[in-house]
Amino acid sequence: MSKQNSTLEVIKNPSIADKALVNKRLGICAGCEHKKTMLKAVDVCGKCNCPLAARTFFVKSTCVMGKW
């Protein structure tokens, strides 16, 4: 992962993605074989264990599998 897309960089500059980008990312995640649902309500990435709603919300965030 590059410095530009690291979790620390996202936290330091939390630019929020627009709704269309978030929905596009969530759509990709919805069909991913690594998506897991925790506590019957929270979807997480099975590779990095990040909540998908949070991971897809920031412009500089990236998919650890390189899907978006």
From the options LYS47, LYS19, residue that is touching a residue at least 12 places away in the same chain (Cβ under 8 Å), of a type in the set (Lys, Arg) and at negative phi: LYS47
Identity of the residue in the stretch 33-68, among the charged types (D, E, K, R) and not in a strand (DSSP E or B), that ends up nearest to ILE16 (Cα to Cα): LYS60
Any hit, the stretch 1-16, residues being at pLDDT 90 or above and in contact with a helix residue (DSSP H, G or I) (Cβ under 7 Å, 6 or more places away or on another chain): no
Residue check for LYS60: exposed (fewer than 12 other Cβ atoms within 10 Å of the Cβ), at pLDDT below 90 and among the charged types (D, E, K, R): no
Index of the failed condition, ASP43 passing every other in (1) modelled with pLDDT under 90; (2) crowded, with 16+ Cβ neighbours inside 10 Å; (3) of a type in the set (Asp, Glu): (1)
Contacts under 6 angstrom Cβ, first residue in the stretch 54-66 being touching a residue at least 60 places away in the same chain (Cβ under 8 Å) and within 17 Å of GLY31 (Cα to Cα), partner surrounded by fewer than 18 Cβ atoms within 10 Å (Cβ to Cβ) and hydrophobic (A, V, I, L, M, F, W, C), 6 or more apart: VAL64/CYS48
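The values are calculated or read from the model by the stated rules, or taken from the named source; none is laboratory data. Predicted, not measured: the structure shown is a model, and the values here were computed from it. When we count neighbours, we look across all protein chains shown, and the Cβ atoms used for this are built from the backbone with ideal geometry, even at glycine.
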